[in-house]
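A short write-up of the structure that comes next.
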Amino acid sequence: MRVWTATACVAFLLLVVPALPGQELSVSGRVNVSDAASHRQSADGVVVWLVPADGEAPAHVTDDPEKHPSLTQKNKRFDPHVLAVQVGTVVDFPNHDPFFHNVFSLFDGKRFDLGLYEAGSTRHVRFDRPGISYIFCNIHPEMSAVVVVVDTPYFATTGDQGDVLLPKVPAGAYTVHVWDERANPEALARLRRQVVLSPSASSLGTVSITENRTALAHKNKYGREYDTPAPSSTIYIQP
């Protein structure tokens, strides 16, 4: 009996279901998230992306400042908490709080330190390589966000109900990738799979994720514990 590998299956399907040049699809899917006791959790903030089987993904990145995605600082929070972007994208970090922030990232993704900047101002970062960037503020330890950088223009982030829609995806063969902050890398790697998308098969179906990872512990940008807040300091209250 012949054993078919995933790559062989995709190659066979490409012969049976050839893609028509220029044919674009709206690819849908759904993500379910549960804890170890199978209790359903909010499924928002899960990133789903498609990598073409031939490795060729066209660049859709624009450097138009009017179209930069933003990770806004407001009420000592980042909004959104999870932001997905393509490699090469410039992300704006506007400060909408009435006090200073110091946004930084020192983990495996893009490493940067924006320094102190005041209310009403904006700093910018170009995310120039794929990876997961955990974002923090050096002043406010409760602030955290994640920028997921992918090397493809075909990606989307789920809403509250776990629904996801990837528009304008050319028909063809892809590898499906999924990332969720609540799952460890090994579990996420097992969710990767090969698909062939066509007008009659444009759904990714349902992906089920089980929480198996706790929140990422972090210290300040110097590797030390955070200082106790001083309410009268000009760092916390704009002069």
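Structure summary
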read-out	value
Student exercise, the stretch 99-239 dipole from Lys, Arg, Asp, Glu Cβ charges, in Debye to nearest 20	420
Amide H partners (placed H, <5 Å) of VAL207, local residues excluded	ARG30, VAL31, ASN32
Cα-based reach from LYS67 at 21 Å (exclusive), listing lysines while leaving out same-chain residues under 8 positions away	LYS110, LYS168
The stretch 98-205: GluC sites (Glu not before Pro) in DSSP coil with no more than 15 other Cβ atoms inside 10 Å	GLU118, GLU142
Nearest-20 debye value, the chain charge dipole, Cβ charges on Lys, Arg, Asp, Glu	480
Positive-end extreme of charge dipole, the chain - chosen from PRO65, TYR134, HIS81 (charges on Cβ)	TYR134
Cut-off of 10 Å, at most 11 other beta carbons, DSSP loop: longest stretch of the chain lacking such chymotrypsin sites (Phe, Trp or Tyr not before Pro)	5-221
For the stretch 139-144, 3J(HN,Hα) per residue [Karplus equation, 6.51 cos²θ - 1.76 cosθ + 1.60, θ = phi - 60°, Hz, x = Gly/Pro]	9, 10, x, 6, 8, 8
With every protein chain in place, the stretch 91-170: carbon and sulfur % of accessible area (1.4 Å)	52
Cleavage-rule hits, trypsin sites (Lys or Arg not before Pro), the stretch 109-162, DSSP coil, Cβ neighbours within 10 Å at most 12	ARG111
Whole-percent pair-distance distribution, where bins are 5 Å wide, for the alpha carbons of the chain	1, 6, 12, 16, 16, 15, 12, 9, 6, 3, 2, 1, 1, 0, 0, 0
Ranked by how many other beta carbons lie within 10 Å on average, peptides 165-171, 63-69 from highest	165-171, 63-69
Residues of the stretch 121-225: accessible area per residue with a 1.4 Å probe, Å²	48
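The values are calculated or read from the model by the stated rules, or taken from the named source; none is laboratory data. Keep in mind that what you see is a predicted model, and the values were worked out from it rather than measured. All Cβ positions, glycine included, derive from the backbone under ideal geometry; neighbour counts span all protein chains shown. Side chains included, ligands, DNA and RNA excluded: accessible areas come from the protein's heavy atoms. Shrake-Rupley method; radii C 1.70, N 1.55, O 1.52, S 1.80 Å.
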